[in-house]
2 protein chains.
Amino acid sequence: MPQPTATPEPRCEARRRQILAAAAVCFAREGFHGASIAKISRAAEMSPGHIYHFFENKEAIIAALVEHKLEQSLSMVQQFERAEDVHQAMQERVDTGVNERTDLDHAALELEILAEAARNPRVAAIVQAADAAKRERLCRLLASARGTPRGDEAAATEIIMALFDGLASRAISNPTLDRAALLAPLQAALRVLS
Amino acid sequence: MPQPTATPEPRCEARRRQILAAAAVCFAREGFHGASIAKISRAAEMSPGHIYHFFENKEAIIAALVEHKLEQSLSMVQQFERAEDVHQAMQERVDTGVNERTDLDHAALELEILAEAARNPRVAAIVQAADAAKRERLCRLLASARGTPRGDEAAATEIIMALFDGLASRAISNPTLDRAALLAPLQAALRVLS
DNA sequence: CTGACTAGATTGAACGCTCATTCTAGAATG
DNA sequence: CATTCTAGAATGAGCGTTCAATCTAGTCAG
C-alpha cells in the first residue's frame, strides 16, 4: 500500500487536469464544436483514444470545464463574505473584476459557455445551478450591506450581475475598450444600486 | 406592365431572405457549427445544393445573418435620434429593450454571434464595425442629452451598453428572471449614468 | 392555338474530408 | 508473469460542397 489515505488519485487526477487545461485553451480559441478531440489530445500531449479513459465523451469534457470555471467564479463571492466592510471590499474589487471580465480569452470562453447553455440542457443545468447559488449569496450580501431593506434586492443584484456579464460582450464588440476609464461610471452605477 | 422599375429582384431576394430566416432559426437552436447546411436547407424548404446559388458558403450565410441582426439593432438608435426629448424617449424605451434583450431566442443568437466574433475574424470585423457606429451615435446622444459635458461620455456609453448586453447573459443564466422587477433598478442606474 | 425551344431554377446523389468514438496490440509497471 | 496504461490506426457517421440531370415557365415559329 503506497498511499493509504493521503492522495486518492494522483496520476488520474493529474491527467484529468491536464486534459481540462488543454481543452480550455482549444475551446477558447475555436469554440466547443470547432475544437476536435484530436486537437485537444495534441494540446494535452496524449493520444485521442486515451482521453476516453478519463471522460465519457466530449460533452463530459465541456461539462467538467464549465463546472470548474463556475467554481472559480464562486470564490469571488466568498471573498466578499469574509470581508469586514462589504461595501469597501466591493469597491476595491471592481478594478480587478473589470480586468478579469474584459480579458479576451476569459470573455471568449464565458460567451462560448453561455451560448452552449442556450441550447445544451446539460450545460444549461450546470450554468443555472451555479448562477442561482452565486445570485442568492450576492443578494444576501447586498441586503446586509444596505442595512434597511428596500425590497428590490433581488432585482438590483440581477442588474449588477448584468453589468459585469456585459463587460465580456463589450470586450469582444469593442477592441478599443478603455478599461481604466470604465471604473468611474461603473462605480457610480454600483453606488446607486447598492 | 405591372411594375416597370419597382421590384428589382423579386424571386432572388425573396429566396435569400427565406434562407436567412431558416438559418436564424437553426443557428439559434443549434449554434453556427451545430446547424448543418442540410438542416438549414430543410428548414428553408429547398435542396442543399440550391443554397449555394445564393451564398458562396456557410460562412457567408453567417456573415449575412450577423449583418442583418446588427442593422436591426442600429434602427433603435435612429429612433432616439429622431425623438424630441432624448431622455424621455430612452426611459420609455427601456421596457421594450429589456423584453427584447431577455427574449431567449434573441439572447441565444446574440451570444452565439459574440462567441463566433471572438474567434472568426470576418464576423469580428462585422460586429466591431457595427458596434463602433452604434457606440459613437449613442455617445453623441448622451452628450447632447446631458448638455454640459462631463468628460466621461464614452465610458458611460460603454457601461450603458454593457448593461443591456449583459441582459442576454442573464436571460440564459437565470431562467426565473423577473423582467418587470428589473425596470426600477435599471432606470436608477441609467439615470445616474446619463 | 400548339408544339419546339431555351434559359434559369432546382434537385439530390456523390465526393473528399474530418469528426467522435472504439479497438487492438504493445509498453510500462509492480 | 499479470496488470495497468498508452498509442494510434480503424470505423462509421455526418459534414460542406459540387455538379450533372431535371423541371418549369416563358417565348416564338408555324
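Where a number appears in this text, it was derived from the coordinates with a stated rule and is not lab data. Keep in mind that this is a model prediction, so the values were computed, not measured. Cβ: placed from backbone, ideal geometry, glycine included. Neighbour counts: every protein chain shown.
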- Roughly how many nanometres apart are two label points built 7 Å out from the Cα toward the Cβ at B:Ala143 and B:Glu81? 1.4
- Note on the structure: Tilt, helix B:121-146 to longest principal axis of chain B (alpha-carbon atoms), in degrees rounded to tens, equals 30
- Task: Mind giving me the nanometre distance, one decimal, between the label points for B:Ala89 and B:Arg42, set 7 Å out from Cα along Cα→Cβ?
- Result: 4.5
- Loop-located trypsin sites (Lys or Arg not before Pro) in region A:102-174 whose Cβ has at most 14 other Cβ within 10 Å (DSSP): A:Arg150
- Here the whole-number average of other chain Cβ atoms within 10 Å per Cβ of A:99-112 is 3
- Task: Give the distance, in whole Å, between the Cα centre of region B:159-194 and the Cα centre of region A:39-79.
- Result: 31
- Task: Choose one answer from A:Phe54, A:Phe27, A:Phe164: the residue with the largest mean-square fluctuation in a GNM of chain A with alpha-carbon springs under 10 Å.
- Result: A:Phe54
- Item | Per DSSP, loop GluC sites (Glu not before Pro) in region B:12-66 with at most 11 further Cβ within 10 Å | B:Glu45, B:Glu56
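For B:71-84, what's the mean count of beta carbons from other chains sitting within 10 Å of each residue's beta carbon? Mind dumping the intermediate values first?
Details: counts 0, 0, 0, 0, 0, 0, 0, 0, 0, 0, 0, 0, 0, 0.
Neighbouring Cβ atoms belonging to other protein chains average 0 per residue here.
Percent of Cα-Cα pairs more than 14 Å apart in region A:8-55, please.
Pairs farther apart than 14 Å: 45 percent.
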- Query: Is the shape of region A:58-193 rounded, prolate or oblate, going by the alpha carbon gyration tensor and its root eigenvalues a ≥ b ≥ c, with a/c under 1.5 for rounded and a/b larger than b/c for prolate?
  - Reply: oblate
- Descending semi-axes in Å of the protein assembly as shown, equivalent ellipsoid built from Cα gyration tensor: 35, 33, 17
- Item | Average Cα contact separation per residue, chain B, under 8 Å, 6 or more apart, as relative contact order % | 22
- Item | Highest-MSF residue in chain A out of A:Ser36, A:Ser173, A:Ser73 [GNM, Cα springs under 10 Å] | A:Ser173
- Task: Using Cα pairs closer than 8 Å and at least 6 residues apart in sequence, work out the relative contact order for region B:8-55, in percent.
- Result: 37
- Average other protein chain Cβ within 10 Å of Cβ, residues B:143-152: 1
